[in-house]
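Taking it in order: structure first as structure tokens, then the write-up.
The values are calculated or read from the model by the stated rules, or taken from the named source; none is laboratory data. From a predicted model like this one, the values you see are computed outputs, not experimental measurements. Using ideal geometry, Cβ is built from the backbone for each residue, glycine included, and neighbour counts are taken over all protein chains shown. The area values use the complete protein model at the heavy-atom level, side chains included, leaving out ligands, DNA and RNA. Shrake-Rupley method; radii C 1.70, N 1.55, O 1.52, S 1.80 Å.
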Amino acid sequence: MNLCQAFTIEDLDAIGLLNMSSLTIVAEGLSFPEGPRWHDGAFYFSDFYQHSVFRIGQTGALETVAEVPNQPSGLGWLPDGRMLIVSMTDRKLLCQEADGSLSEHADLSALATSYCNDMVVDGEGGAYVGNFGFNRHAGEDPRDADLIRVSTHGEVSVAAAGLAFPNGSVITPDGKTLVVGETQGKRLSAWDIAGDGSLSNRRIWADLGENFPDGICLDAAGAIWVADPRNNETIRVAEGGEVLERLSTGDRGSFACMLGGADRQTLYICTCTGSGPHAAERRNGRIETIHVSVPGAGHP
């Protein structure tokens, strides 16, 4: 869809599209970048088909920090500084030890009905991990999936049942609310978080209409940036569903996003022309950035 034909100039200005400058490419030649995170002054992300977790530091150089044979996805950190990595195809959560080696933090295979994907880790080190629910690349029919909770010590349990492809997740700065993007449900859903990490009071945080949420991140105004790979855009949404800003990624899907930089006002976006194993051959994945007006907040 040509946005300039779909909206008037007044409409575009009202949702912030005219204020967006062009994206800057900070990394390219990737297979399929996902799971972007800002941590300790550096930007981290997973690349599925290079089976690696990368970091971009202050020099801008791309550094491999972990190799994950069964495809890395969501990233997070324990309070002691060790990194957690979702290992997709064997449905495990790995922990990178101080010496760089990877250990098994939790086995999710008894609860995850398909590949595990994105994750958010809270301030105590508890993780909420999504999974596809079905294997669309194998032609399976869509089915709901359960969101899995992994305690700081690696115990696993079902945190919430019946999600339509749980994907990107955020936790508010007070640690009391979890918001998860349900890709197939075209919505952001929220839960209250109890002191033990259990969830209650499920509700729709935002009905996204024709947008399909993938990765998401939260800003200090309480709005959520949502990467949408099907509509090739990243949108900023308020609770209730109002779209505050739209950022087109042209002919490329927007698969995940993260607010980072020294002021947390750099929006990092993982883009690619498609997903699935064939993305490994194209190697046209990118990390692209743009400066935004409201800094990031909460977890991740």
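Modelled spin labels at residue 251 and residue 230, positioned 7 Å past Cα toward Cβ, are 2.2 nm from each other.
Taking only protein heavy atoms and a 1.4 Å probe, the accessible area of region 166-280 is 45% carbon and sulfur. Peptides 239-247, 269-277, ordered by how many other C-beta atoms sit within 10 Å of their residues on average, highest first, read 269-277, 239-247.
In sequence order, what are the phi-derived ³J(HN,Hα) couplings for region 163-171 according to the Karplus relation 6.51 cos²θ - 1.76 cosθ + 1.60 with θ = phi - 60°, rounded to whole Hz, with x for glycine and proline? Computed from phi, the couplings for region 163-171 are 9, 8, 6, x, 9, x, 9, 9, 10 Hz.
Put a dot 7 Å past the Cα of residue 157, heading toward its Cβ, do the same for residue 201, and the two dots end up 1.9 nm apart.
For residue 160, the residues whose modelled amide H falls within less than 5 Å of its own, excluding neighbours fewer than 5 places apart on the same chain, are 147.
Counted by Cβ distance under 15 Å from residue 60, the other residues give a net charge of -1, where Lys and Arg count +1 and Asp and Glu count -1.
Taking amide H atoms as placed 1.01 Å from N in the peptide plane, the amide H of residue 237 lies under 5 Å from those of 224, 225, 226, 244, each 5 or more residues away in sequence or on another chain. Backbone phi angles across region 104-115, fed through the Karplus curve with coefficients 6.51, -1.76 and 1.60 (θ = phi - 60°), yield HN-Hα couplings of 7, 8, 7, 9, 9, 5, 6, 10, 8, 8, 7, 4 Hz in residue order; Gly and Pro are listed as x. The HN-Hα couplings worked out from phi for region 48-64 by the Karplus form 6.51 cos²θ - 1.76 cosθ + 1.60 (θ = phi - 60°) are 3, 8, 8, 6, 9, 9, 10, 10, 10, x, 5, 7, x, 6, 8, 10, 7 Hz, whole numbers, x standing for Gly and Pro.
Relative protection proxy for 201-212, 57-68, 285-296, from highest mean packing down: 285-296, 201-212, 57-68 (other beta-carbon atoms within 10 angstrom). In a simple Cβ point-charge model (Lys, Arg +1; Asp, Glu -1; nothing else charged), the chain has a dipole of about 280 debye relative to its Cα centre. Give the separation of the Cα centroids, region 155-194 to region 44-71, in Å. Comparing the Cα centres of region 155-194 and region 44-71, I get a distance of 26 Å.
Projecting the Cα atoms of 201, 244, 153 onto the charge dipole of region 150-250 (Cβ charges, centred on the Cα centre) puts 201 farthest toward the positive pole. The Cβ shell under 11 Å around residue 284 holds other residues with a net charge of +1, Lys and Arg each +1, Asp and Glu each -1.
Counting Lys and Arg as +1 and Asp and Glu as -1, what is the net charge of the other residues whose Cβ lies under 14 Å from the Cβ of residue 77? Could you put the intermediate results ahead of the total?
Details: positive: 37, 55, 82; negative: 40, 80, 97, 122, 124.
Here the count lands on -2.
For residue 239 and residue 26, FRET efficiency with R0 = 35 Å and r from the beta-carbon atoms, rounded to 0.05?
Details: r = 30 Å, r/R0 = 0.87.
After rounding, the FRET efficiency stands at 0.70.
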